[in-house]
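Asker: Sending over a structure as structure tokens; questions will come in a sec.
The values are calculated or read from the model by the stated rules, or taken from the named source; none is laboratory data. Note that this is a predicted model, so its numbers are computed, not measured. Ideal geometry is used to build each Cβ from the backbone, glycine not excepted, and the neighbour counts take in all protein chains shown. Please note that ligands, DNA and RNA were not included when accessible areas were found on the heavy atoms of the full protein model with its side chains. Shrake-Rupley method; radii C 1.70, N 1.55, O 1.52, S 1.80 Å.
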Amino acid sequence: YNLSDTSLVTLEAQHRVGQLDFNDFAASDNAEDGKVLSGNPELVPDQVTEFITTYNWGFSEKGSLKIKAFHEWRKDILEEIKLPNNGQGLGNAGDARYWGMITDLTFGLDPWLENGLIEITHKIRRSDFDDPIIERTRDISEYTPDWLTFKLRQDLPQHKVSWGVEYWGHYTDTDYLVDEIRKMHGNKRTRVFIETTRYFGLKAQLELTNVNTGKFTRTRSFYELDRGGLYDGRQIAHRIRKPEVKFSVWGTF
């Protein structure tokens, strides 16, 4: 629905059926973590029913605000579960809810920075799942509850050159396994780049990622038999990715 010439509200409803990976049906061995997963031939695709409300406002030639609110009802979600053969593996764990809001703000920097553009994205996401292992409600696995990203780009068409800076805020991802909880924490990171299309009709880009050093903390919390049992210790690994330099060339032939 067009509220005005510059603003629009969209309502959507959709139902999705997931696509299974054949690797999920087979057993696997993770040597790094010393963990063996059993194959599960009883897997069925997960299903999602989603309602979305989106507000778009174009407040200038290069400026826009987009706010998306969503709510998902997930059926037969895929999580690590206890299998009938007493093993552990990927399985259909039950039903869950997943909701949140994604805000995208874009605006030009003229006249302070000619052809400069800033894009800011903030994601807030939450979930609700009745875990049969602990018989309590918890979050689902594998998503970042709060995340802020920032991009600054300037195009200099007269020189066929562009440059920019990207920023990723701190993040936390959590996986709930049968007998442990894994958390990955990452620090705020920055990427800078410069690119050109001046030579041979190709685009060349030089980028420096993890300018401020990428730091990651991986925490594994263990429990006896399963997460409903007694706490059995913790393993913490601190990892550092030094700044990385990459040169890339693209072209059409």
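Asker: Check residue 161 against each of (1) over 26 Å from residue 110 (Cα atoms); (2) without any contact (Cβ under 8 Å) to a residue 40 or more places away in the chain and name the one condition it does not meet.
Answerer: (1)
Asker: Condition (residue is farther than 30 Å from residue 13 by Cα, in a strand (DSSP E or B), open to solvent by less than 20 Å² (accessible area, probe 1.4 Å) and touching a strand residue (DSSP E or B) at 6+ places or on another chain (Cβ under 9 Å)) applied to the range 165-172: is it met by at least one residue? Even if it seems obvious, please write down each step before you answer.
Answerer: Kept after step one, since they are farther than 30 Å from residue 13 by Cα, are these residues of the range 165-172: 165-170.
Checking the rest, the ones that are also in a strand (DSSP E or B) come to 165-168.
Then drop every residue that is not open to solvent by less than 20 Å² (accessible area, probe 1.4 Å), which leaves none.
No, because not a single residue in the range 165-172 is farther than 30 Å from residue 13 by Cα, in a strand (DSSP E or B), open to solvent by less than 20 Å² (accessible area, probe 1.4 Å) and touching a strand residue (DSSP E or B) at 6+ places or on another chain (Cβ under 9 Å).
Residue-wise test of (1) surrounded by 14 or more Cβ atoms within 10 Å (Cβ to Cβ); (2) in a loop (DSSP other than H, G, I, E, B); (3) acidic (Asp, Glu).
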| residue | (1), (2), (3) |
| --- | --- |
| 8 | yes, no, no |
| 16 | no, no, no |
| 41 | no, yes, no |
| 52 | yes, no, no |
| 56 | yes, no, no |
| 66 | yes, no, no |
| 72 | yes, no, yes |
| 76 | yes, no, yes |
| 90 | yes, no, no |
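Asker: Checking residue 200 against (1) touching a Gly at 6+ places or on another chain (Cβ under 7 Å); (2) part of a loop (DSSP other than H, G, I, E, B), which single condition isn't satisfied?
Answerer: Unmet condition: (1).
Asker: State yes or no: is residue 247 more than 30 Å from residue 90 (Cβ to Cβ), among the aromatic types (Phe, Trp, Tyr), outside any loop (DSSP other than H, G, I, E, B) and more than 24 Å from the chain's Cα centre (by Cα)? Break it down into steps so the answer makes sense when it comes.
Answerer: Values: more than 30 Å from residue 90 (Cβ to Cβ): yes; among the aromatic types (Phe, Trp, Tyr): yes; outside any loop (DSSP other than H, G, I, E, B): yes; more than 24 Å from the chain's Cα centre (by Cα): yes.
The answer is yes for residue 247.
Asker: Still on this structure, please answer the following. Test of understanding: among 156, 177, 152, 148, which residue is hydrophobic (A, V, I, L, M, F, W, C), surrounded by 14 or more Cβ atoms within 10 Å (Cβ to Cβ), more than 14 Å from the chain's Cα centre (by Cα) and closer than 30 Å to residue 111 by Cα? Before the answer, list the steps.
Answerer: Details: 156 fails: surrounded by 14 or more Cβ atoms within 10 Å (Cβ to Cβ); 177 fails: closer than 30 Å to residue 111 by Cα; 148 fails: more than 14 Å from the chain's Cα centre (by Cα).
Only one candidate qualifies: 152.
Asker: Right, something else. Of all residues in the range 201-225, which are open to solvent by less than 70 Å² (accessible area, probe 1.4 Å), among the charged types (D, E, K, R) and within 20 Å of residue 167 (Cβ to Cβ)?
Answerer: 207
Asker: With respect to residue 228, is the statement that it is closer than 30 Å to residue 160 by Cβ, part of a loop (DSSP other than H, G, I, E, B), open to solvent by 50 Å² or more (accessible area, probe 1.4 Å) and small (Gly, Ala, Ser) true? Full working, then the answer.
Answerer: Values: closer than 30 Å to residue 160 by Cβ: no; part of a loop (DSSP other than H, G, I, E, B): yes; open to solvent by 50 Å² or more (accessible area, probe 1.4 Å): yes; small (Gly, Ala, Ser): yes.
Answer is no for this residue.
Asker: Moving on to the next point. When only residues in the range 182-196 that are within 14 Å of residue 249 (Cβ to Cβ) and buried (at least 16 other Cβ atoms within 10 Å of the Cβ) count, which is farthest from the chain's Cα centre (by Cα)?
Answerer: Restricting attention to the range 182-196, the residues satisfying the condition of being within 14 Å of residue 249 (Cβ to Cβ) are 193-196.
Then drop every residue that is not buried (at least 16 other Cβ atoms within 10 Å of the Cβ), which leaves 193, 195-196.
Details: 193: 22, 195: 26, 196: 29 Å.
The qualifying residue farthest from the chain's Cα centre (by Cα) is 196.
Asker: Also: Mind telling me which of the residues 80, 135, 114 ends up being open to solvent by 40 Å² or more (accessible area, probe 1.4 Å) and either touching a helix residue (DSSP H, G or I) at 6+ places or on another chain (Cβ under 8 Å) or under 30 Å from residue 36 (Cα atoms) (or both)?
Answerer: Values: 80 fails: open to solvent by 40 Å² or more (accessible area, probe 1.4 Å); 114 fails: either touching a helix residue (DSSP H, G or I) at 6+ places or on another chain (Cβ under 8 Å) or under 30 Å from residue 36 (Cα atoms) (or both).
That would be 135, the only listed residue that is open to solvent by 40 Å² or more (accessible area, probe 1.4 Å) and either touching a helix residue (DSSP H, G or I) at 6+ places or on another chain (Cβ under 8 Å) or under 30 Å from residue 36 (Cα atoms) (or both).
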